[in-house]
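The values are calculated or read from the model by the stated rules, or taken from the named source; none is laboratory data. Not measured: the values here are computed from a predicted model. Virtual Cβ from ideal backbone geometry, glycine too; neighbours counted across all protein chains shown. SASA here: full protein model, heavy atoms, side chains in, ligands and nucleic acids out. Shrake-Rupley method; radii C 1.70, N 1.55, O 1.52, S 1.80 Å.
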Amino acid sequence: MSRVAAKKSLGQHFLADPNLLGVIGRLAALEPEETVLEIGPGLGILTRYLAEHAGLVHAVELDRSLEPRLRETLAGLQNVRLHWGDALHLDLAALEPPPAALVANLPYNVATPVVVETLVGLPALRRWCVMVQREVADRFFAAPGTKAYGAVSVVVQLLAERTGFHPVSRHVFRPPPRVESALVAFRRSAPPARLAEVRRVVDAAFAHRRKTLANSLALAGLAERGVAAEAVVRLGRTADVRAEALVPAEFVALEEALRSAR
């Protein structure tokens, strides 16, 4: 096979160790007839594995220069559809048949927005198994009060529950990244009724981490300082609490309290 150089500008780190494929398959809980979405297939090693264990694979790749290598790797497979473009701008909701699982070695520079946007915008997706930087994997399911806990943690945990985790050495990639990676698997849970409104509250709450939650909400224009403080107290918290102290469900209650105060 021809050798392809990874592009640092696209966050590419190609999976080079086939021994990891079995771990991915176990965490992803692949089903023989289901449709899978892969973002960033790279050299196609994981793509081929997915095609051999699922019904259909939608593989989305931005880097068109990888096409010869991908087609070489996927030769003989009839159940892979290649889609060229930026996954954050393509209409993934229009994919037919709609994918039930996202399984991917995500490009580092888009991993977080891809996870959040597919959780929010692709309701047909039920499961995720993604390779990301270790610090990103930790952030998704970080506990309140920790340094890693933030707006992304809250949104992910409001929409999903973790089902698996596997640390991954940098040496399974070509070129090896400077950071460690991890596989993290999760499945969709029932979303809050007013997700868009809750997300606005969450984003505002964490926009100024050093300020109190009430001050952050006021700075974002969601409520006057006194009203915001009253809403926080209605949660059973003190008026000087910061956003990182709240568990995800409390942000749903906070949105309700702010709405009731208007």
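Listed values [x] 1, 6, 13, 16, 16, 14, 10, 8, 6, 5, 3, 1, 0, 0; [y] 1, 6, 13, 17, 19, 17, 12, 8, 5, 2, 0; [z] 1, 5, 10, 13, 14, 15, 14, 12, 8, 5, 2, 1, 0 include one computed from this model; for P(r) over Cα pairs in 5 Å bins from 0, in percent that value carries the label [x].
In the chain, a dipole from Cβ-located charges (positive for Lys and Arg, negative for Asp and Glu) runs towards its positive end, and of His208, Pro167, Ala94 it is His208 whose Cα lies farthest in that direction. Comparing Leu15, Val152, Ser65 along the charge dipole axis of the chain, the residue lying farthest to the positive side is Val152, per the Cβ-charge model.
I need the shape label for segment 202-262. Rule: rounded when a/c is under 1.5, else prolate if a/b > b/c, else oblate, with a, b, c from the alpha carbon gyration tensor. Taking the square roots of the gyration eigenvalues as a ≥ b ≥ c, segment 202-262 is rounded.
Taking amide H as placed 1.01 Å from N in the peptide plane, Ala160 has its amide H under 5 Å from the amide H of Ser189, each at least 5 places away in sequence or on another chain. The order of the peptides 205-212, 106-113 by mean Cβ neighbours within 10 Å, most packed first, is 106-113, 205-212. Rounded to the nearest whole Hz, the Karplus-based 3J(HN,Hα) values (6.51 cos²θ - 1.76 cosθ + 1.60, θ = phi - 60°) of segment 126-133 follow the sequence 10, 9, 10, 9, 10, 8, 9, 4, with x at glycine and proline.
The charge dipole of segment 138-178, taken about the Cα centre with unit charges on the Cβ atoms of Lys, Arg (+1) and Asp, Glu (-1), comes to about 280 debye, rounded to the nearest 20. Rolling a 1.4 Å probe over the protein heavy atoms leaves His83 with an accessible area of roughly 50 Å². Please report the base-10 log of the normalised intensity I(q)/I(0) for segment 72-187, using a Debye sum with one equal scatterer per alpha carbon and no solvent, at each q in 0.10, 0.15, 0.16, 0.18 (1/Å). For segment 72-187, the Cα-only Debye profile gives -0.33, -0.73, -0.83, -1.02. In the chain, Cα pairs under 8 Å separated by at least six residues give a relative contact order of 16 percent.
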